[in-house]
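Take a look at the structure set out below.
The values are calculated or read from the model by the stated rules, or taken from the named source; none is laboratory data. As the structure is a prediction and not an experimental result, all values here were calculated from the model. Quick reminder, even Gly has a Cβ in these numbers, built from the backbone with ideal geometry, and neighbours come from all protein chains shown.
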Amino acid sequence: MSAERPVVGRLAPSPTGLLHLGHARSFLLAWWSVRARGGSMVLRIEDLDGPRVKPAMIDAALRDLDWLGLDWDGPWLLQSSGLERLRAAVTSLAERGATYPCVCSRGDVRAALSAPQQGDVELRYPGTCRGRFESLEAARATGREASLRFRVPEGRLTIGDGFAPPATFDVQAEVGDFMVARRDETPAYQLAVVVDDAHQGVTEVLRGDDLLPSAARQWHLQRALGLGHPTFVHVPLVVDENGRRFAKRADDLSLSELRERGVDPRAVVGWAARSAGLELPERLTPREALADFSLARLPHEPARLGPEELAKLKSAR
Ligand code: GLU
């Protein structure tokens, strides 16, 4: 990390569900990491992140962030408002031959793989349409809609991290050529993240370590688009007493619910600060933790939030 480059961090919630305590912790860490160095923070609402986007969640996320006491600089960006910019990036990849049209459905991909895959696992794209069509028109002439896939370079890639140990991925072997534009021409998630991070001048991406594999895909896209790489900082997630991450069953732990119950947001901030290795009062504002914050104090294990501490948070009025 260069000392001269002003730090720009980001909060990038996807409005696919209510934000919960796990999000609160990651967002606070992102904010602390940047603000503690006098950096700026931008907000982006990632409403292109998959089919589960619910517009009502945008307002809820904005209210939750405000409730927590987090702020950002300048107007926030709604990802779908920048479709032109995202499409231009897709076109520029296509013009460089870095993409190809693909008419495979999820069922085709599944059928082409030898090992049976069940549930919600990500399927490796086996490259069925690589080299198959001269152009998008030729692909569409099959009578099927076509997506665009990114030709992922072969080989291993080690991603350095500002907190997690370096992690090695072979995106081609693990995921294969992933989509950069869906069949309806919507820019796909990884592409949108990379283009918008560059557009917003983001230099530090601090987020949960469930997104480490995304960093490798994003790195390849950044290189193909001639964009710089931000500093990645992947932090452990919040888990319950059984070690399960919160995301899947977040309803009773949602920030909206805590807010509506009249919980003091400073208690949530205090919990997050203590979970980050800071010895601070039980209740405080994000800004009051700034002077003490250091990533060096953050534990490398997941943050365990057991029933007792949760009950305490829920009744912290
Ligand atoms: N919007 C994504 C999420 O909420 C984060 C995007 C990213 O950090 O790449 O999971």
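Structure notes:
- When segment 32-51 is filtered for residues that are touching a Leu at 6+ places or on another chain (Cβ under 8 Å) and under 16 Å from L19 (Cα atoms), the ones remaining, listed by number, are L43, R44, I45, D47.
- Residue in segment 141-150 that is in contact with a Lys or Arg (Cβ under 9 Å, 6 or more places away or on another chain), in a helix (DSSP H, G or I) and at pLDDT 95 or above present: no
- Test: residue in segment 95-115 that is touching a Ser or Thr at 6+ places or on another chain (Cβ under 9 Å) and among the aromatic types (F, W, Y): no
- Of all residues assigned to segment 59-74, at least one qualifies as being over 17 Å from the mean Cα position of the chain (by Cα), within 16 Å of the ligand (Cβ to nearest atom) and under 17 Å from H199 (Cα atoms).
- The residue list F246, F232 contains one member that is buried (at least 17 other Cβ atoms within 10 Å of the Cβ), at pLDDT below 95 and within 22 Å of I45 (Cβ to Cβ), which is F246.
- Per-region count, segment 48-93, residues acidic (D, E), under 11 Å from T186 (Cα atoms) and at pLDDT 95 or above: 1
- Selection count, segment 252-277, where residues are in contact with a Gly (Cβ under 9 Å, 6 or more places away or on another chain) and modelled with pLDDT under 95: 2
Quick grid of which residues meet (1) buried (at least 19 other Cβ atoms within 10 Å of the Cβ); (2) of a type in the set (F, W, Y); (3) out of contact with any strand residue (DSSP E or B) (no Cβ under 8 Å at 6 or more places or on another chain):
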residue: L11; (1), (2), (3): yes, no, no
residue: L19; (1), (2), (3): yes, no, no
residue: F27; (1), (2), (3): yes, yes, no
residue: A36; (1), (2), (3): no, no, yes
residue: D59; (1), (2), (3): no, no, yes
residue: R63; (1), (2), (3): no, no, yes
residue: L70; (1), (2), (3): yes, no, no
residue: D73; (1), (2), (3): no, no, no
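- Applying the criterion of at least 3 residues that are closer than 22 Å to L11 by Cα and within 14 Å of the ligand (Cβ to nearest atom) to the helices (runs of 4 or more DSSP H) found wholly in segment 158-264 leaves 189-199, 212-224.
- Of all the residues in segment 153-175, those that are touching a residue at least 24 places away in the same chain (Cβ under 8 Å) and more than 20 Å from the chain's Cα centre (by Cα) number 2.
- Near pairs, Cβ below 7 angstrom, 6+ apart or cross-chain, from segment 196-220 (closer than 20 Å to G82 by Cβ) to any residue that is surrounded by fewer than 18 Cβ atoms within 10 Å (Cβ to Cβ): A198/L227; H199/R85; T203/R5
- Looking at L48, L86, just one residue is over 24 Å from L237 (Cα atoms), in contact with a strand residue (DSSP E or B) (Cβ under 9 Å, 6 or more places away or on another chain) and within 16 Å of the ligand (Cβ to nearest atom), and that residue is L86.
- Looking across L29, L65, L77, L43, one residue alone is of a type outside the set (F, W, Y) and in contact with an Asp or Glu (Cβ under 7 Å, 6 or more places away or on another chain). It is L77.
- Screening V180 on (1) farther than 24 Å from S92 by Cβ; (2) in contact with a helix residue (DSSP H, G or I) (Cβ under 6 Å, 6 or more places away or on another chain) shows it passes everything except condition (1).
- Single match in S26, S14 (criterion: under 20 Å from P55 (Cβ atoms), within 14 Å of the ligand (Cβ to nearest atom) and either of a type outside the set (A, V, I, L, M) or free of Cβ contacts under 8 Å to residues at least 12 places away in the same chain (or both)): S14
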